[in-house]
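K.L.:
The structure under discussion is supplied below as structure tokens; questions concerning it will follow.
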Amino acid sequence: MSLTPSAPTEHAHTTQPIAVTHSSMPSLDEFVAEIAPLWDSRWLTNRGAKHRELEAALNDYLDVERTVLFANGHLALEALIDAFELTGEVITTPFTFASTTHALVRRGLTPVFADIDPDDYTLDPASIESMITESTSAIMPVHVYGSLCDVDAIQRIADEHGLKVIYDAAHAFGVTRDGVGVGSFGDASMFSFHATKVFHTIEGGGATMKDPEIATRLRALQNFGIAGPDSVPHVGGNAKMNEFAAAMGLCNLRHIDEEIAARARVTERYRERLGGLDGIHLVAPQQNTVPNHAYFPVRVDDEVFGVNRDGVFDLLADHHVHARKYFAPLTSDFECYDGVFDSSLTPIARRVSTQILALPMYSTLSGEDVDRICDVISSAAA
Ligand SMILES: *Cc1c(COP(=O)(O)O)cnc(C)c1O
């Protein structure tokens, strides 16, 4: 991609930068064929043909009863909060992307942070239970990096206390357990179809749920609260998916199995190369679960490894490899929440956020590139 040609050297390839992520795309021809009918129909948004086709295809692929498409995942999450009329406190995780916490706060709720499991980084059910008060209305767990939360334990707690469960499944597209789609757990799930996710519509998102009334309410909420020609029962915003985004989704969905299979090969190579390194913790594969290989996080235990996470990050950067401190800081430590939350109450999440590093992961990452990344990490070991 360099504009200035440099003299070829034996090691020229080793200085090519490796990005942390790289969007998958269909061929240009495939996308053009998909959008061509829009020049005839002139129906560009508001539940057009592509939108309806993608919704049906996703119900099928995700093995869920219904999907409501959105302009992005974040607005799907905010709309779900409105649709379920959540109030007061919602128990959630601080080890997540900004969106999860911000959605709750922006909808007038109080996030109450429970701690996470030190091995797969999802919400620890035991910690959830101790946070429940009279004001708790729901639990909002996150399937972090695509690892499935302890959905059975969470559901038991929710049933016992009459709480809703809304999953942030932004990382978990296509994950199944015992053949059951991840979007079937809890009362509803939010998926992100952002360009950096395993499946994407450039920008986009979806909400999956069993209750048809929630779906109806979401469709109104994403279209200014309008339910019919003379009926506006909700104070809604605008969060509809457009036809070009839906067309990109239809193309990407055709290739999703190859996409995930290619990522699986990257995972396998990382595991081979890093699995035996003392002080580098990998997330173990989950039982009875088909993963989506959305990310490849490593946790650097500096006391054993000899170098801390920031040291590994910097060394990789020196070698033109861009990893991501994901998630750091904890959302409860964001400056916009200064003095509001106390992250010392979630000590495991706090420690993990200082040790975690998401390595480059995408379907076109070559085996040689993975080796190059792993060589740098190995060379850092004390
Ligand atoms: C990407 C992401 C979101 C937000 O989704 P957008 O489609 O970007 O709005 C929310 N939560 C998590 C965990 C994410 O990774």
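K.L.:
If only one of L54, L75, L38 is under 12 Å from A207 (Cβ atoms) and at pLDDT 95 or above, which one is it?
P.N.:
So the residue among L54, L75, L38 that is under 12 Å from A207 (Cβ atoms) and at pLDDT 95 or above is L75.
K.L.:
Has the stretch 205-220 got any residue that is within 13 Å of the ligand (Cβ to nearest atom), surrounded by fewer than 24 Cβ atoms within 10 Å (Cβ to Cβ) and within 17 Å of S24 (Cα to Cα)?
P.N.:
First, the residues of the stretch 205-220 that are within 13 Å of the ligand (Cβ to nearest atom): 205-207.
From what's left, surrounded by fewer than 24 Cβ atoms within 10 Å (Cβ to Cβ): none.
For the stretch 205-220, residues within 13 Å of the ligand (Cβ to nearest atom), surrounded by fewer than 24 Cβ atoms within 10 Å (Cβ to Cβ) and within 17 Å of S24 (Cα to Cα): absent.
K.L.:
Collect the residues in the stretch 263-297 that are surrounded by 13 or more Cβ atoms within 10 Å (Cβ to Cβ) and more than 25 Å from K325 (Cβ to Cβ), keeping them in residue-number order.
P.N.:
Once the filter is applied, which keeps residues that are surrounded by 13 or more Cβ atoms within 10 Å (Cβ to Cβ) and more than 25 Å from K325 (Cβ to Cβ), the stretch 263-297 yields R265, T289, V290.
K.L.:
Could you name every one of the helices (runs of 4 or more DSSP H) located completely within the stretch 56-138 that has at least 3 residues being touching a residue at least 60 places away in the same chain (Cβ under 8 Å), within 16 Å of the ligand (Cβ to nearest atom) and over 15 Å from the mean Cα position of the chain (by Cα)? Before you say what the answer is, go through the steps one by one.
P.N.:
Values: elements: 73-83, 98-106, 125-129.
Because the criterion is at least 3 residues that are touching a residue at least 60 places away in the same chain (Cβ under 8 Å), within 16 Å of the ligand (Cβ to nearest atom) and over 15 Å from the mean Cα position of the chain (by Cα), the helices (runs of 4 or more DSSP H) in the stretch 56-138 that meet it are 73-83.
K.L.:
Next question. Failed condition for D168, given (1) surrounded by 24 or more Cβ atoms within 10 Å (Cβ to Cβ); (2) away from the ligand (no atom under 12 Å from the Cβ); (3) among the charged types (D, E, K, R), with all others met?
P.N.:
Exception for D168: condition (2).
K.L.:
Here is a follow-up. Can you tell me how many residues within the stretch 175-197 are within 16 Å of the ligand (Cβ to nearest atom) and open to solvent by 10 Å² or more (accessible area, probe 1.4 Å)? Outline the logic, then answer.
P.N.:
We begin by selecting, within the stretch 175-197, every residue within 16 Å of the ligand (Cβ to nearest atom); these are 175, 182-183, 185-186, 188-197.
Now drop any that are not open to solvent by 10 Å² or more (accessible area, probe 1.4 Å), which leaves 185-186, 192, 194-197.
Count: 7.
K.L.:
Between a first residue in the stretch 174-197 that is of a type outside the set (K, R) and a second residue that is within 9 Å of the ligand (Cβ to nearest atom) and in a strand (DSSP E or B), which pairs have beta carbons less than 8 Å apart while being 6 or more apart in sequence or on different chains?
P.N.:
G183/F191; S189/D168; M190/D168; M190/G205; F191/G205; S192/G205; F193/G205; H194/G205
K.L.:
Right, next: Looking only at the stretch 352-367, how many residues end up being open to solvent by 40 Å² or more (accessible area, probe 1.4 Å) and in contact (Cβ under 8 Å) with a residue 60 or more places away in the chain?
P.N.:
Number satisfying all stated conditions: 1.
K.L.:
Right, something else. Those residues that are basic (K, R) and either in a loop (DSSP other than H, G, I, E, B) or closer than 15 Å to I280 by Cβ (or both), I need them from the stretch 310-327; list them, please.
P.N.:
We begin by selecting, within the stretch 310-327, every residue basic (K, R); these are 324-325.
The one that is basic (K, R) and either in a loop (DSSP other than H, G, I, E, B) or closer than 15 Å to I280 by Cβ (or both): K325.
K.L.:
Oh, and also: What's the number of the condition A158 fails, among (1) open to solvent by 20 Å² or more (accessible area, probe 1.4 Å); (2) among the aliphatic types (A, V, I, L, M); (3) without any contact (Cβ under 8 Å) to a residue 60 or more places away in the chain; (4) away from the ligand (no atom under 16 Å from the Cβ)?
P.N.:
All conditions are met except number (1).
K.L.:
Going by the conditions given, is V235 modelled with pLDDT of 95 or more and within 14 Å of M361 (Cβ to Cβ)? Reasoning before the result, please.
P.N.:
Values: modelled with pLDDT of 95 or more: yes; within 14 Å of M361 (Cβ to Cβ): no.
Spelling it out, it is not the case that V235 is modelled with pLDDT of 95 or more and within 14 Å of M361 (Cβ to Cβ).
K.L.:
Same structure again: Return the pairs, sorted by first residue and then second, in which the second residue is basic (K, R), the first residue lies in the stretch 249-272 and is at negative phi, the beta carbons are less than 6 Å apart, and the residues are 6+ apart or on different chains.
P.N.:
Listed by first residue and then by second, the contacts come to nothing, as the list is empty.
K.L.:
Further question on the same structure: Identify, please: which residue in the stretch 29-54 is part of a helix (DSSP H, G or I) and among the β-branched types (V, I, T) and is, among those, nearest to R219 (Cα to Cα)?
P.N.:
If we filter the stretch 29-54 for residues that are part of a helix (DSSP H, G or I), which is where we start, we get 29-35, 38-41, 49-54.
Right, trim to among the β-branched types (V, I, T) and you get 32, 35.
Numbers: V32: 28, I35: 24 Å.
Looking at the filtered set, the residue picked out is I35.
K.L.:
With the requirement that a residue be open to solvent by 70 Å² or more (accessible area, probe 1.4 Å), in contact with a Leu (Cβ under 8 Å, 6 or more places away or on another chain) and not charged (D, E, K, R), what does the stretch 302-334 give you?
P.N.:
H322
The values are calculated or read from the model by the stated rules, or taken from the named source; none is laboratory data. Fair warning: this is a prediction, and the values are worked out from it, not measured in the lab. We place every Cβ from the backbone using ideal geometry, glycine too, and count neighbours over all the protein chains shown. We work out accessible area using only protein heavy atoms, side chains counted, and drop any ligands, DNA or RNA first. Shrake-Rupley method; radii C 1.70, N 1.55, O 1.52, S 1.80 Å.
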